[in-house]
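Just so it is clear, none of the values below were taken in a lab; they were calculated from the coordinates. The shown structure was predicted, so the numbers you read here are calculated from the model rather than taken from an experiment. Here the Cβ positions follow ideal geometry from the backbone for every residue, glycine too, while neighbour counts run over all protein chains shown.
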Amino acid sequence: MRQAAARGVFPGAVLLVALGGRVLVHRAYGVTDFESGRAVTAATVFDLASLTKPLATALCLLRLAEQKRVAIARPLSRFLPAFGGGDKADVTLAHLLRHTAGLPDHRPFFRALVSLPAGERAAALEERIRREPLLFPPGARTLYSDLGFMLLGRVVEAVTGRPLDQAAAELVYRPLGLEEGIFFLPAAAPRPARSFAATERCPFRGRLLCAEVHDENAWALGGVAGHAGLFGTAAGVFGLLEELRRARQGRGRLFSAAAAAAFLRPRTAGGRALGFDVPQEPDPSCGRGFSPQSVGHLGFTGTSFWLDLERGLAVVLLTNRVHPSRENLLIRAFRPALHQAVVRALGGGPPARPRA
């Protein structure tokens, strides 16, 4: 990790490794930003980017499913009636969670949204997604999509009657005692006196981003969205992974073993779990050392987690690799190498490959 910081893979990072719920490594490296040169600490808060998808939106829906307030097989239109006609009439929450709805991966909605009053932007975004033609029929194949999770965030809000940040805190983070370690930062809220890792010097906003969401679409929505906007520490992320690990064993505080298994198991070979990624061939981002019973996710800012449910191994890697520019892509090769090194250090190796 120190060598990676010196080579410019990232300015700063926190690595947490745990096995069977016991933290083995929790170390900080590098600096929060180049201008101040402040050292990253284990308590530094990172912009988690797309970790929002599994750790906020999907977990909220898992909790609501446990409470019988949603059923993921239901059509999206059951919760957002505007989607009841046209090519999206058959899209279900499960399609959106698995990225099989047929929606595009990304659209720069923020460019149009910023010209609207803040209170009108969420509804305008929903309408823009409604007008986006599907790229393939729901369920036909997989295409990772920010747009689908934008809609799922709106579903959580429709069901709970709360903004997504409040719903996530009430449903998941506060009951687990994690509200100090994982949270949204609404644009209108005061900034907590914490150590934050800076991200990009944003050309669109004309400033260095720190304690402000990096994702432009989430920023245009006031910092809170179903696809991005979550901030947290490595310990906060681990707290959620530990709940999932314990839930799979029937010892969860919030989630049952059956519900956790349903969300964390891919439906088809090569597919995704509900809100979570699984090791994908030919080059899984967790390297070759994690078992097929693993779930994880990556964040654009340089964040990731992987949880091997078979071994009880959790690896949380939080970096600010986009500081000062998103053009730094060195983490793509570093991340799988790191995970393989962790497995080797613990005396493991790549799981046996199935014979042809």
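General remarks:
- For the stretch 150-205, the Rg and Dmax computed from alpha carbons only, in angstrom: 13.8, 39
- Relative exposure of Lys53, Lys68, Lys88, judged by other C-beta atoms within 10 Å (fewest first): Lys68, Lys88, Lys53
- Distances between placed amide hydrogens fall under 5 Å for Leu230 paired with Leu48, Ala49, Thr52, all partners being 5 or more residues away or on another chain.
- Using the Cβ-Cβ distance between Glu170 and Arg141 with R0 = 41 Å, the FRET efficiency computed as 1/(1 + (r/R0)^6) comes to roughly 0.70.
- Overall form of the stretch 66-169 per C-alpha gyration tensor (a/c, 1.5; a/b vs b/c): oblate
- Counted residue by residue at 0.36 nm each, then reduced by the alpha carbon distance between them, the extension gain from Lys68 to Arg205 reaches 45.1 nm.
- The stretch 255-356 pair-distance distribution - Cα-Cα, 5 Å bins, rounded %: 2, 12, 22, 23, 18, 14, 6, 2, 1, 0
- Fraction of antiparallel bridges per DSSP, the chain only, in percent to nearest 5: 95
- Ile182, Ile331 arranged by Cβ crowding within 10 Å, fewest neighbours leading: Ile331, Ile182
- Identified option (computed Cα Rg over 2.2 N^0.38 Å; candidates (1) 0.94; (2) 1.27; (3) 1.04): (1)
- In order along the stretch 270-284, phi translates into HN-Hα couplings of x, x, 9, 6, 6, x, 10, 8, 10, x, 10, 6, x, 9, x Hz, rounded to whole numbers, per the Karplus curve 6.51 cos²θ - 1.76 cosθ + 1.60 with θ = phi - 60° and x for Gly and Pro.
- Scattering curve values for the stretch 195-264, log₁₀ I(q)/I(0), Debye with Cα scatterers, q = 0.12 Å⁻¹: -0.49
- Remark: the stretch 74-149 carries a charge dipole of roughly 60 debye about the Cα centre, counting +1 on each Lys and Arg Cβ and -1 on each Asp and Glu Cβ.
- Cα centre as origin, Lys/Arg/Asp/Glu Cβ charges: the chain dipole, Debye: 800
- Cα centroid separation - the stretch 34-71 against the stretch 245-320, whole Å: 14
- Only Lys, Arg, Asp and Glu carry charge here, each on its Cβ (+1 for the first two, -1 for the last two); on that basis the stretch 83-211 has a dipole of about 380 debye about its Cα centre.
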